[in-house]
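One structure below.
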Amino acid sequence: MITTHNGPQPADFTDVRATNLAVVLRFVRENAPCSRADIAASTGLNKATVSSLVADLIDRRLLRETGLTENRVGRPATMLVLDGSPYAAIGVEVNVDYITAVAVDLKGEELLNWRRSFPGSTSSAGQAIAAVAAIARRVVSRMSKEARQVLGLTVAVPGLVDVQGAVRIAPNLGWHDVDLCGDLAKALRDPGFPVMVDNDANLGALAERRFGPHGNVDDLVYITGEVGVGAGVIMDGRLRRGGRGYTGEIGHIQIDPLGPDCRCGRRGCIEATAGIGAVLARTAPDASPADLELEIDEIVQRARGGDREVLDLLAEVGANLGKGLAVVANLVNPEVIVLGGYYVPLAPWLLAPAEEEMFRRAIAPGGGGCRLEVSTLGYGAAALGAAARVLDSVDSGRLPAPA
Ligand SMILES: [Zn+2]
């Protein structure tokens, strides 16, 4: 019997039922179209149980039947696929220079993707919460107009988020001890769906697994290339959060003890020597956070035009990044490290020096088999991952009630 508990406690009937509903839902997500017999054969649940679970999932409009298909053996079977069109999962990312909101349906099809510039570094936490609540309300209202039920909302933040959804420190936003989850639920006036908060790098890693080309990679590290640099670590197929949820703060590994000052109060951290800030400090020291995208565009143009100063700078930043990635490769031996955020447009110039330095410093031959790749999800990766976290919670048994 499958139970929701890892320990030896017996699960009660409702737990077992919820878990088995989730088992069937996940099986159909991964194998659709498939029949009830396929589900029974692969999950070990008996056929009567599968029929009852499938009926329940159809009632909840999470699955639907499609046409009959001739089985290779035996009678024609009614095939099942994910439905989920009446649902939406919402992800919002708040960062130093923007707020992004995305909504996807149960299948993960994107329903909307909005990006607004937002002065995160000069706003108070209260102003940021009001702005996140405002954009979330607009998304919810759009979903209601489309007759979709909201399954949940996750907010991505560039900082240390504890297991209760409070932000302990977000250096680039200037936040300390902000109860984002609680305050947001209040601002949304008890919205009737779960509200979660998570670190942007963790959510970027989840997005790469669910929406990127790395669905089958069990050991993956996602690196945010925002003003902050963080890592989301998936090992053995699971996101690793650590004791209090603070895994992956690689942005403050020291690369150069004599390097430039970092926002964290130390010197020569990865963020200060290999982050986007390190690029802009030398090319556009007076750039406003609101213009980051424009400034990065300008750097891309100069690099394409063969500007020696910019090319040398990007080579240096890439090598510094590689020094940091070698620590990651030595510590967790990922199959792939994915660079996201502003590293994506700059990747043509960063990737080679970063890879070379990482390989040189990793102790295992060939960097322990680690590939360095660039995210295909663009600037919306953390917000997409935030929506993915809502889908993950549905897939693990937090199902919407039957209509
Ligand atoms: Zn630092």
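The values are calculated or read from the model by the stated rules, or taken from the named source; none is laboratory data. Every value quoted in this text rests on a predicted model; they were computed, and no experiment measured them. Cβ sites come from the backbone with ideal geometry, for glycine too, and all protein chains shown count toward neighbours. Accessible surface areas use protein heavy atoms only, side chains included; no ligands, DNA or RNA. Shrake-Rupley method; radii C 1.70, N 1.55, O 1.52, S 1.80 Å.
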On the protein heavy atoms, probe 1.4 angstrom, tell me the percent of accessible surface of region 161-257 carried by carbon and sulfur.
-> 46
When the convex hull of its Cα atoms is projected in every direction, mean area for region 171-239 (nm²) | 5.9
For Ala315 and Ile363 in one chain, what is 0.36 nm times their gap in residues minus the Cα-Cα distance, to one decimal in nm?
-> 15.0 nm
How large is log10 I(q)/I(0) at q = 0.22, 0.35 Å⁻¹ when the Debye formula is applied to the Cα atoms of region 136-177, each weighted equally and without solvent?
-> -0.72, -1.18
Cα-based helix-to-principal-axis angle, 381-395 vs the chain, degrees rounded to 10 | 20
Cα-based Rg of region 250-324 normalised by 2.2 N^0.38 Å, two decimals | 1.09
With every protein chain present, what is the per residue accessible area of region 117-268 (1.4 Å probe, Å²)?
-> 44
What shape does region 204-255 take by its C-alpha gyration tensor, where a ≥ b ≥ c are the square roots of the eigenvalues and a/c under 1.5 counts as rounded, a/b above b/c as prolate, and the rest as oblate?
-> oblate
Give the whole-number value, in cubic angstrom per residue, of the convex hull volume spanned by the C-alpha atoms of region 22-176.
-> 135
Here FRET efficiency (C-beta to C-beta, Ala18 to Asp218, R₀ 22 Å, nearest 0.05) is 0.30
Taking the radius of gyration and the Kirkwood hydrodynamic radius from Cα positions alone, what is the Rg/Rh ratio for the chain, to two decimal places?
-> 1.01
If you take all C-alpha pairs in region 86-206, what percent of them are over 21 Å apart?
-> 31
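Rounded to a whole number, what is D in µm²/s for region 311-403 from Stokes-Einstein with the Kirkwood radius over alpha-carbon pairs (20 °C, 1.002 mPa s)?
Estimated via Stokes-Einstein, D reaches 144 µm²/s.
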Cα axis of helix 308-332 to longest principal axis of the chain: angle in degrees, 0 to 90, nearest 10?
-> 50
Give the share of C-alpha pairs in each 5 angstrom bin for region 263-304, from 0 to the last occupied bin, in whole percents, shortest bins first.
-> 5, 22, 29, 23, 14, 6, 2
Pairing the Cα long axis of helix 343-361 with the longest principal axis of the chain, what angle in degrees results, from 0 to 90 and rounded to the nearest 10?
-> 80
Could you state the number of Å between the C-alpha centres of region 146-192 and region 267-297?
-> 27
Residue with peak Gaussian network fluctuation, the chain [Cα springs, cutoff 10 Å], from Gly204, Gly91, Gly237 | Gly237
Normalised contact order of region 23-88, rounded percent, pairs of Cα under 8 Å and 6 or more residues apart | 36
Quick one: net charge around His252, please, counting Lys, Arg +1 and Asp, Glu -1 for every other residue with C-beta under 10 Å from its C-beta.
-> 0
Which residues qualify? For Thr66, with a placed amide H closer than 5 Å and at least 5 residues away or on another chain, they are Met79, Leu80, Val81
Note to self: with every protein chain in place and a 1.4 Å probe, region 277-392 gives an accessible area per residue in Å² of 42
